Amino acid sequence: MSETVTELRRELAQIIDLRTAARVLEWDQLVMMPRGGATTRGDHLATVGRVAHELFVRDEIGELLEAAARDVDGADPDSDDACLVEVTRRDWEKARRIPADLHAEMTKLASESVEAWATARENDDYASFRPWLDRTLDLKRQYVACFPPADDPYDVLLDDFEREMHTDEVRRVFDRLEPALRELVAAADPEEDEAFLTGPYPEQMQHELSLAVIRAFGASNEFFRLDSTVHPFCTSFSTQDVRLTTRYAEDDLHASSIFSTLHEAGHGLYERGGDPALDRTPLATGCSSALHESQSRLWENVIGRSLPFWTWFYPQVRDGFAVLADVPLEVFHRAINRPRPSLIRVDADETTYGLHIILRFGLEQELLFGGLDTKDLPERWDDRMQELVGIRPADDRRGCLQDVHWAGGLFGYFPTYQLGNVLSVQIWERLLADVPDAYEQIERGEFGEIHDWLREELYRHGRKFTPAETVVRVAGGPIDPEPYLRYLADKNASLVPA
Ligand code: ZN
């Protein structure tokens, strides 16, 4: 390794340490902190974020990058050093465009606005949240204005989560999905009585079963923690320290910890599977939001809602919950898969889920660039929900106040959830070609070979390659909605009628 690259790595490690410290503060805010801590936590985060930002955008980093680029010229373009220089240079050029004040203001606002959102949602009080949303939208537009005009201003926001992806590419995928998903949801059986769905599912047993399943997936005590929170998420502080969170609804199987834990475990396995040599560099995390989501969805849905998975896991779950004593495996499997119109994104079945995302993808563009006034958001939300899913929220808690993302300034993020769903099936098909007995292994509760394949083909690369390159490497071609639509149609057709 050249001296310049060594020095670059040393400089970047300090910056990554600060960003990691900010993630510890965020994890603490959402998992441990008493609400009173909110008065100062925004300042803590803004300070750490500002120092990290200022250290990163220095001219010295640019000079080091230039010198390092000369040193790695001619090296294997897939080598860690070549990728480090290439990815960091792009990050640096992007970060240089954002004035430190704007960066700090966005960080502080996000932290405070999330607290305002939590209160507003609790009280079903959209009006109290609206000024925060207006301010967030205003800062986002200022952020977009820091970049050269794109084909579509939304491209700039999307790029923060899916480097180099364009809005019209997302639109193309979603335009293909929307009518197909609506048709599948409309064709589903009308609501029927599945009394066991409302529990009770005692929390302690949910916790034990959640731990049992993530241990089977390979998330060991030594490298993972599982805690509870309102809005489950996963974060990591290195490949050796991964934090999963979940929630325990006792009266709703769909909102129980089982599925949110499977989901977050998928994110966690991706973080844990990175090459430790990339730790404390900008390459040490998943490649993009959609690829990250492809892994949470692969473990939660493609594996975790499959019949082979439940053939293995259901006996333990049935033993754990008295309410399931007389529920046959096939009935349970159907209940956790069949489409049913739902208001809440995070509790939605696989088929309806995409429609929730399509709704948000459209509305956030309207809010930012299409002239939709925030005062009209609740009604516009409800109208679109009616149109897409066929039902209308009775209040804003179950409408436009349900998600934390906009409060946290995450615009451009929602579409990556559905792109992740699409990718999860493309990657799974590729895995099946190499591991043809994967379903038999799942039926025996064996996940080691599946996990190894994913680590080898995807996890270990971290952020070394662009999302488009990574998708081609792991899935064998560019993003394509067809395998996903076939998968959903096959699954829906296979569900045993009640
Ligand atoms: Zn996720």
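Brief remarks follow.
- Cross-chain or 6+ apart pairs with Cβ under 9 Å, the range 400-429 first and closer than 25 Å to Gly477 by Cβ and open to solvent by 10 Å² or more (accessible area, probe 1.4 Å), then outside any helix (DSSP H, G or I) and away from the ligand (no atom under 15 Å from the Cβ): Tyr413/Asp160; Gln426/Gly476; Gln426/Gly477; Gln426/Ile479; Gln426/Asp480; Glu429/Gly476
- Some residue of the range 243-262 being in a helix (DSSP H, G or I) and at pLDDT 95 or above: yes
- Condition check for Gly420 on (1) out of contact with any His (no Cβ under 8 Å at 6 or more places or on another chain); (2) within 16 Å of the ligand (Cβ to nearest atom): one failure, at (1).
- Residues that are in contact (Cβ under 8 Å) with a residue 60 or more places away in the chain, in contact with a Ser or Thr (Cβ under 8 Å, 6 or more places away or on another chain), under 28 Å from Glu115 (Cα atoms) and more than 16 Å from the ligand (Cβ to nearest atom) do not occur anywhere in the range 463-481.
- Residue check, Asp434 open to solvent by less than 70 Å² (accessible area, probe 1.4 Å) and among the acidic types (Asp, Glu): no
- Considering (1) at pLDDT 95 or above; (2) open to solvent by less than 40 Å² (accessible area, probe 1.4 Å); (3) more than 16 Å from the ligand (Cβ to nearest atom); (4) over 17 Å from the mean Cα position of the chain (by Cα), the lone condition that Ile358 does not fulfil carries the number (4).
- Failed criterion for Glu112 (all others in (1) touching a residue at least 40 places away in the same chain (Cβ under 8 Å); (2) in a loop (DSSP other than H, G, I, E, B) hold): (2)
- Enumeration of residues in the range 66-76 that are closer than 17 Å to Pro282 by Cβ and either crowded, with 20+ Cβ neighbours inside 10 Å or modelled with pLDDT under 95 (or both): Ala68, Val72
- Residues (of a type outside the set (A, V, I, L, M, F, W, C) and open to solvent by 50 Å² or more (accessible area, probe 1.4 Å)) located in the range 367-389: Gly370, Gly371, Asp373, Lys375, Asp376, Glu379, Arg380, Asp383, Gln386, Glu387
- Taken over the range 77-113, residues that are open to solvent by 30 Å² or more (accessible area, probe 1.4 Å) and β-branched (Val, Ile, Thr) amount to 1.
- Among the candidates Glu169, Glu222, Glu203, Glu194, residue that is modelled with pLDDT of 95 or more, of a type in the set (Asp, Glu) and surrounded by 16 or more Cβ atoms within 10 Å (Cβ to Cβ): Glu169
- If you go through the range 441-472 and keep only what is among the aliphatic types (A, V, I, L, M) and assigned to a loop (DSSP other than H, G, I, E, B), you end up with just Leu458.
- Residues in the range 56-87 that are in contact (Cβ under 8 Å) with a residue 12 or more places away in the chain, more than 14 Å from Thr4 (Cα to Cα) and not charged (D, E, K, R): Phe56, Val57, Cys83, Val87.
- Counting the residues of the range 283-312 that are within 14 Å of the ligand (Cβ to nearest atom) and either more than 25 Å from Arg460 (Cα to Cα) or among the aromatic types (Phe, Trp, Tyr) (or both) gives 1.
- Yes/no for Gly268 being assigned to a loop (DSSP other than H, G, I, E, B), surrounded by 24 or more Cβ atoms within 10 Å (Cβ to Cβ) and within 11 Å of the ligand (Cβ to nearest atom): no
- Just one residue in the set Thr239, Thr245 is outside the structural domain of Ala118 (by TED's automatic domain parsing), surrounded by fewer than 24 Cβ atoms within 10 Å (Cβ to Cβ) and within 15 Å of the ligand (Cβ to nearest atom); that residue is Thr245.
- Residues that are within 12 Å of the ligand (Cβ to nearest atom) and among the β-branched types (Val, Ile, Thr), drawn from the range 226-236: Thr235
- For the range 128-159, the set of residues classified as loosely packed, with under 15 Cβ neighbours inside 10 Å and in a loop (DSSP other than H, G, I, E, B) consists of Cys146, Pro148, Pro149, Asp151, listed by residue number.
- Whichever residue in the range 1-31 is over 25 Å from Glu60 (Cβ atoms) and free of Cβ contacts under 8 Å to residues at least 24 places away in the same chain and, among such residues, is surrounded by the most Cβ atoms within 10 Å (Cβ to Cβ): Leu25
- Among (1) away from the ligand (no atom under 16 Å from the Cβ); (2) closer than 26 Å to Ile450 by Cα; (3) assigned by TED's automatic domain parsing to the domain that holds Ala475; (4) not β-branched (Val, Ile, Thr) - the single one Leu343 does not satisfy: (2)
- Subset of the range 250-261 [within 14 Å of the ligand (Cβ to nearest atom) and surrounded by fewer than 24 Cβ atoms within 10 Å (Cβ to Cβ)]: Phe259
The values are calculated or read from the model by the stated rules, or taken from the named source; none is laboratory data. Quantities reported herein were computed from a predicted structural model and do not represent experimental measurements. Glycine gets a Cβ as well: all are built from the backbone with ideal geometry, and neighbour counts include every protein chain shown. We work out accessible area using only protein heavy atoms, side chains counted, and drop any ligands, DNA or RNA first. Shrake-Rupley method; radii C 1.70, N 1.55, O 1.52, S 1.80 Å.
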